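Below is one structure; the comments refer to it alone.
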Amino acid sequence: MFDTIKEEIQVVFERDPAARSTLETILTCPGFQAILFHRFNHWLWNKKLYLLARLSAHFTRFITGVEIHPGAKIGRRFFIDHGMGIVIGETSEIGDDVSIYHGVTLGGTTWQKGKRHPTLEDNVVVGAGAKILGPITIGAGARIGCNAVVVKDIPMGATVVGVPGHVVVKKDNNDKTAQREAMAKKIGFDAYAERKDMPDPIQNALDSVLDHMHKTDQEMDELKKKLETISKKINNS
Ligand SMILES: CC(C)(COP(=O)(O)OP(=O)(O)OC[C@H]1O[C@@H](n2cnc3c(N)ncnc32)[C@H](O)[C@@H]1OP(=O)(O)O)[C@@H](O)C(=O)NCCC(=O)NCCS
């Protein structure tokens, strides 16, 4: 748990140039507070303590201005800047290293139950006031401009602006830059950010290694999920 808190604090320093000290972050950063409370609220939700989870989420909203449904699944190193006015719906799914600003809504467009909120893949950035609506997927590394209203799937690495949101910068589907950058970051390889897509045999070799690691990670995740399902079945029988 302390590792998670340390990681969340570290993220504030990485992505908020105004952050000055750890104590200041803990005491005055509503985004940090909201995500920390959400980790606890989501844990309550998974333990089927629904009312307690909702009450705690309501309290979190009261002190931070950030409304995250306790059922929402949020990955590691999630960064919320400013916080006020953010709404994240129950069936939202957020990958690792995602950043969002104040006034963002991850909302539904139907009153039907089931998956009705967006999925944000790793490294997505959502600008202030943007609304992302429906069970759509925002591809890894995509950037959503402030005040955009997005109602359709967005490809990996694209930049989207306007109402309705339209892509202004699109990366080739075969461009794995966002995915590779995410993997490089995960293993702490900062120098990767220095590359400017120069044709370089060492860079090519490194890209292959990063792609392979990404694939292995995905397979490990799938295996983990399968093992969890099997162990749940064994425990219930
Ligand atoms: C969308 C965004 C990521 C694009 O950044 P960028 O890659 O530097 O792109 P540019 O600024 O070159 O803009 C590309 C085009 O989109 C337009 N554009 C950029 N942001 C826009 C927005 N939010 N709404 C409408 N159009 C926008 C630009 O005018 C430009 O149009 P042009 O090519 O016709 O001149 C950025 O503008 C943005 O909105 N970031 C969110 C920042 C934020 O919310 N900060 C809050 C801090 S408190």
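Long-range amide H contacts for I154: which residues qualify at under 5 Å (H placed 1.01 Å from N, peptide plane, sequence gap of 5 or more or a different chain)?
Amide H to amide H, under 5 Å and 5 or more residues apart or across chains, I154 pairs with T137, I138, G139.
Report the extension gain between F59 and V209 in nm, rounded to one decimal, defined as 0.36 nm multiplied by the number of residues separating them, less their alpha carbon distance.
Gain on extension, F59 to V209, equals 49.5 nm.
Hey, what do the phi angles of the range 15-32 turn into as Karplus ³J(HN,Hα) couplings, whole Hz, using 6.51/-1.76/1.60 and θ = phi - 60°, x for Gly and Pro?
In residue order, the calculated couplings are 10, 10, x, 7, 5, 10, 9, 4, 4, 4, 4, 4, 7, 10, 9, x, x, 4 Hz.
Along the charge dipole of the chain, which of F40, G139, A184 sits closest to the positive end, that is, farthest toward it, with unit charges on the beta carbon of Lys, Arg, Asp and Glu (+1, +1, -1, -1)?
Farthest towards the positive end: F40.
Mind checking the range 5-38 for GluC sites (Glu not before Pro) that DSSP puts in a loop (not H, G, I, E or B) and that have at most 12 other Cβ atoms within 10 Å?
In loop regions of the range 5-38 (DSSP not H, G, I, E or B), there are no sparsely surrounded GluC sites (Glu not before Pro).
7 Å from Cα along Cα→Cβ at both Q10 and T229: what's the point-to-point distance in nm?
With each label placed 7 Å out from Cα toward Cβ, I get 3.2 nm.
Give the relative contact order (percent, whole number) for the range 2-169; include only Cα pairs under 8 Å separated by 6+ residues.
Relative CO of the range 2-169 lands at 13 percent.
Calculate one ³J(HN,Hα) per residue across the range 112-127 by plugging θ = phi - 60° into the Karplus curve 6.51 cos²θ - 1.76 cosθ + 1.60, and present them in order as whole Hz with x for glycine and proline.
With the stated coefficients, the range 112-127 comes to 6, 6, x, 4, 9, 10, x, 10, 10, 7, 3, 6, 6, 10, 10, x Hz.
For the range 2-169, what class follows from the C-alpha gyration tensor (a ≥ b ≥ c being the square roots of its eigenvalues): rounded when a/c is under 1.5, otherwise prolate if a/b is larger than b/c, else oblate? Intermediate values should be presented prior to the final figure.
On the way: a/c = 1.81, a/b = 1.19, b/c = 1.53.
Oblate is the answer for the range 2-169, as a/c is 1.5 or above yet b/c matches or exceeds a/b.
How big is the charge dipole of the chain about its Cα centre, in debye rounded to the nearest 20, if each Lys and Arg gets +1 on its Cβ and each Asp and Glu gets -1 on its Cβ? Don't skip to the end; give the middle numbers.
Details: 31 positive and 29 negative charges, 214 e Å.
Around 1020 debye, computed over the chain.
With both partners inside the chain, how many of the DSSP beta bridges are antiparallel, as a percent to the nearest 5? It would help to have the intermediate numbers written out before the result.
Numbers: 3 of 28 bridges.
Taking every DSSP beta bridge within the chain, about 10 percent pair in antiparallel fashion.
Please sort by residue number the trypsin sites (Lys or Arg not before Pro) in the range 39-89 whose DSSP state is loop and whose Cβ has at most 15 other Cβ atoms within 10 Å.
Qualifying residues, ordered by number: K47, K48, R76.
Here, each number is a calculation from the coordinates, and none is a lab measurement. These figures come from a predicted structure and were not determined experimentally. Cβ coordinates were reconstructed from backbone atoms using ideal geometry, including for glycine residues, and neighbour counts include every protein chain displayed.
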